[in-house]
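The values are calculated or read from the model by the stated rules, or taken from the named source; none is laboratory data. None of the values given here were measured: they were computed from a predicted structure. Reconstructed Cβ throughout: ideal geometry from the backbone, glycine too, with neighbour counts over all protein chains shown. All accessible areas refer to the heavy atoms of the entire protein, side chains included, with ligands and DNA or RNA removed. Shrake-Rupley method; radii C 1.70, N 1.55, O 1.52, S 1.80 Å.
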Amino acid sequence: MKDIVCKLLIIGAGPGGYVCAIRAAQLGVDTAIVDMARPGGTCLNIGCIPSKALIHAADEFYRTVAMAAGGNPMGIRAEGPSIDLKTAMAWKDGITGRLTLGVSALMKKAGVKVVVGEARFRDGKTVDVETETGRQVIRAESIVIATGSAPAELPGLPFGGPVLSSTEALSLEAVPPRLAVVGAGYIGLELGTAFAKLGSKVTIVEAFDRILPVYDQQLTQPVAKRLASLGVDLLLDTKVKGLSGDGHGLQVEDAGGQQREIAADRILVTIGRRPRTQGWGRDELELDMEGRYVRIDNPCRTSMRGIYAIGDVTGEPMLAHRAMAQGEMVAEIVAGRRRAWDKRVIPAVCFTDPEIVSAGLSPEEARAAGHEVITGMFPLAANGRAMTLAAEEGFVRVVARADNHLVLGVQAVGAGVSELSAGFALAIEMGARLEDVAGTTHAHPTLSEGFAEASMKALGHALHI
Ligand SMILES: Cc1cc2nc3c(=O)[nH]c(=O)nc-3n(C[C@H](O)[C@H](O)[C@H](O)COP(=O)(O)OP(=O)(O)OC[C@H]3O[C@@H](n4cnc5c(N)ncnc54)[C@H](O)[C@@H]3O)c2cc1C
């Protein structure tokens, strides 16, 4: 096989890698990309997109159940629903299939060379790719490591049999009657909630004393309340000891040392993700590491000249839109443009029930960073749109500097608030003051009015509370 010689080679076609490839090729850079799996990476194939499809299917199902039970105030009645999870999964696979085909088409249109196979560094400028038809050698001036991450295993509870990672959970063909979820981070809660709505008896085990420990309790409280109303058992301050003797459950221990067994047909382990730093020949390089991650500087350069790293392999927040933004920046740098990582904010969304959005600093984080802050909170119970959606739980909260009213952070919890994340991020990125947000006419009736009202509240003159 003839060697490929190019200016830029990207290892991994997840959101970081494929965006980098498309942008570089658009700018005229001779670009190749390698992936051993379908393009789109974790996000499109086994992460963001399939999980949101399952969450939506579960929401539709649950709404129908609630209506069938006559428990809704709109007067709607329906016959008892049922779900064929195999069909729902096929629908989900159709979405991921269309998206990954779309990514392939975009790369082709931009002129990117796509090589399918497992890549391994031979040296800092040369990569061997094991393809179906033999070894392909690729030589490049610049190489981007975009190898992403994989689900982390719990010692003593390896994946296999009844123990699932998010990947297997997103391909189940039947709803497990009893599901134990280990880890109350966003992936465990998103999937645990979806299966609870589909009819599983869900138990969530969390070693920490609260769910979603990276968010403040004011934001997570509505989610905890909802889990309780769905009948989910939440075992906080509880550690997993291993599988129970017969393999059909979990042995757990609470903070007081009390042990008990949780019966479960499936055990979903979502204790986090590990960066994929093995399997691509790191030993052949002299890369500095930062803990578990590949160390990068502001423009995503590693410690070796000409080698960049982006996305989950470089650390938190492990989010698709961070990987994409890094990929776009690195492509422009390789193309000779002057770029730096100058983002003020990377918003984060939990597609829990209700949804949580966090952009920028929470009140505690702002104070810890030395700011004197003012905050404003607007409850969705006072928002007309939330009422019409029968989803009044939640609020929008804005955090600003007390002296000049610069918006430092915006958080929200409520049904559908994920769509507000763009407005929150834009305000912070553009250096908006509370007066700018309050003075922007927000369309009525929308949840976004909560952002303007929270800003007015911080200024001392909310209109609707
Ligand atoms: C269940 C779940 C839900 C999620 N939901 C969200 C969400 O709602 N929003 C969000 O922002 N993020 C979400 N994420 C996280 C998101 O998927 C990741 O942050 C994102 O995919 C990281 O992109 P990446 O390009 O760094 O790596 P990845 O998407 O992991 O892609 C890495 C690619 O590299 C390839 N690769 C690795 N090693 C080699 C090699 N040696 N040779 C060739 N190819 C190789 C892999 O096959 C893979 O395709 C979710 C993740 C999961 C698991």
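Structure values in brief
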read-out	value
Index of the failed condition, I428 passing every other in (1) in contact (Cβ under 8 Å) with a residue 60 or more places away in the chain; (2) open to solvent by 20 Å² or more (accessible area, probe 1.4 Å)	(2)
Subset of the range 33-78 [touching a Cys at 6+ places or on another chain (Cβ under 9 Å) and surrounded by 23 or more Cβ atoms within 10 Å (Cβ to Cβ)]	I33, T42
Criterion (part of a helix (DSSP H, G or I), farther than 24 Å from A320 by Cβ and not assigned by TED's automatic domain parsing to the domain that holds D35) met by exactly one of A57, A66, A53, A78	A66
V175 open to solvent by 10 Å² or more (accessible area, probe 1.4 Å), aliphatic (A, V, I, L, M) and touching a Ser or Thr at 6+ places or on another chain (Cβ under 9 Å)	yes
Filtered residues of the range 367-409 (kept if part of a loop (DSSP other than H, G, I, E, B) and among the β-branched types (V, I, T))	none
Some residue of the range 19-34 being modelled with pLDDT under 95, outside any strand (DSSP E or B) and more than 9 Å from the ligand (Cβ to nearest atom)	no
